[in-house]
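Notes to accompany the following structure.
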Amino acid sequence: MQRLVTAWVWTLWVLIVIVGFPVISLVWAATAPFDPARYAPGRTFRWFGALGARLNPWWHFHQTGVRIRDPRRPYVVVSNHESYADIFLISHLPWEMKWLAKKTIFNIPVMGWIMRMVGDVPLVRGNRQSAVGALAMCRNRLARGASVMVFPEGTRSNTDELLSFKDGAFALAVESQVPILPIAIAGTRDAMAKHSFRVEHATAACRVLPPIATAGLGSDDVPALREYVKGIIDRARRELLAELQSGRPLPRLVPAPEPAPAALPSLAGGAR
């Protein structure tokens with residue numbers, strides 16, 4: 001039964017990509033002259049991604065936490081990473097983000113074409129030159145008013161413990177002086193295990209946490225900011241997992257407050 005469902009779901013996903021390509025291409029062509037951030041084709045692409053999750057009978061995904069007030073205000077969005085299903089889950093959020101993703105995904109026919117069309121950013125893991133180029137592309141997306149989505153662990157964790165967060169996303173946010181938007185994910189590890197493409201039964205959710213201001217921070221603050229954000233994501237994902245296991249309904253997204261400064265040791269006593 002599991003093999004049949006997995007084959008059925010992957011067939012649906014391939015068909016969604018094939019059908020989505022001309023639709024997204026038309027949106028891109030129609031909006032390109034006045035949409036330098038490629039916001040409209042990006043949102044269309046994420047809609048197809050969310051549709052892929054909804055058509056999977058074994059996945060039940062939820063979104064909770066805060067909803068950003070202005071979707072054209074750029075954020076550096078960071079999240080823990082449990083499985084490939086994270087992408088489908090986060091695609092449900094009602095605003096556009098440009099994804100930093102492995103370059104191997106961009107090499108997949110049709111899928112990779114779409115990702116380049118909508119402005120997602122390729123990265124060769126472990127390649128310094130690629131990392132420098134990817135950060136430059138991320139700065140470009142932020143300057144055009146589009147948020148950037150990064151998994152700071154760099155890869156999916158094999159256990160329930162978070163991997164170390166890398167500096168890149170936090171240095172990008174500080175350098176660009178844009179807020180960080182943390183997201184906690186729980187439950188997707190059961191949806192699709194690492195090193196496997198099998199589709200499993202899963203109930204999962206993401207919780208969007210209040211945005212964190214980076215105004216006034218400098219490069220020396222990046223390590224403390226990184227650990228601060230990792231800590232709040234870790235606490236939130238554990239709380240979210242407990243809520244999912246309890247079976248209680250999750251609250252809907254609510255408007256986000258204005259970004260507040262992080263409680264970093266370097267800022268004790270007030271903002272600089």
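The values are calculated or read from the model by the stated rules, or taken from the named source; none is laboratory data. Everything numeric here is computed off the predicted structure, so don't read it as measured data. Neighbour counts are summed over all protein chains in view; Cβ atoms, including those assigned to glycine, are modelled from backbone coordinates with ideal geometry.
With respect to (1) over 10 Å from the mean Cα position of the chain (by Cα); (2) over 29 Å from residue 5 (Cα atoms); (3) modelled with pLDDT of 95 or more, the lone exception for residue 98 is condition (1). If you go through segment 115-158 and pick out every residue that is surrounded by fewer than 14 Cβ atoms within 10 Å (Cβ to Cβ) and under 19 Å from residue 25 (Cα atoms), you end up with 1. The residues of segment 69-83 that are within 14 Å of the chain's Cα centre (by Cα) and not polar (S, T, N, Q), listed by number, are 74, 75, 76, 77, 78, 81, 82.
With 213, 184, 224, 205 as the choices, which residue is over 26 Å from residue 88 (Cβ atoms) and touching a helix residue (DSSP H, G or I) at 6+ places or on another chain (Cβ under 8 Å)? So the residue among 213, 184, 224, 205 that is over 26 Å from residue 88 (Cβ atoms) and touching a helix residue (DSSP H, G or I) at 6+ places or on another chain (Cβ under 8 Å) is 224. Tell me which residues, restricted to segment 212-233, are surrounded by 13 or more Cβ atoms within 10 Å (Cβ to Cβ), over 20 Å from residue 162 (Cα atoms) and out of contact with any strand residue (DSSP E or B) (no Cβ under 9 Å at 6 or more places or on another chain). Scanning segment 212-233 gives a single hit, 221. Looking at this structure, is residue 263 assigned to a helix (DSSP H, G or I) and in contact (Cβ under 8 Å) with a residue 12 or more places away in the chain? So residue 263 fails the test.
Taking every residue in segment 129-143 that is farther than 19 Å from residue 73 by Cα and pairing it with any residue that is of a type outside the set (Lys, Arg) and part of a helix (DSSP H, G or I), at least 6 positions away or on another chain, the pairs with Cβ-Cβ distances below 8 Å are 131/168.
Taking the listed residues 42, 112, 49, the one that is small (Gly, Ala, Ser), surrounded by fewer than 18 Cβ atoms within 10 Å (Cβ to Cβ) and part of a helix (DSSP H, G or I) is 112, with no other qualifying.
If you go through segment 94-104 and pick out every residue that is exposed (fewer than 15 other Cβ atoms within 10 Å of the Cβ), under 20 Å from residue 154 (Cβ atoms) and of a type outside the set (Lys, Arg), you end up with 1.
The requirement of being under 16 Å from residue 202 (Cβ atoms), touching a helix residue (DSSP H, G or I) at 6+ places or on another chain (Cβ under 9 Å) and not charged (D, E, K, R) is satisfied by residue 85. When residue 38 is tested against (1) under 21 Å from residue 251 (Cα atoms); (2) touching a Gly at 6+ places or on another chain (Cβ under 8 Å), exactly one condition is not met: (1). Taken over segment 193-211, the residue count meeting the criterion of being within 20 Å of the chain's Cα centre (by Cα) and either surrounded by 22 or more Cβ atoms within 10 Å (Cβ to Cβ) or assigned to a strand (DSSP E or B) (or both) is 8.
Whether a residue is surrounded by 20 or more Cβ atoms within 10 Å (Cβ to Cβ) and not in a helix (DSSP H, G or I) was assessed, and residue 65 passes this test.
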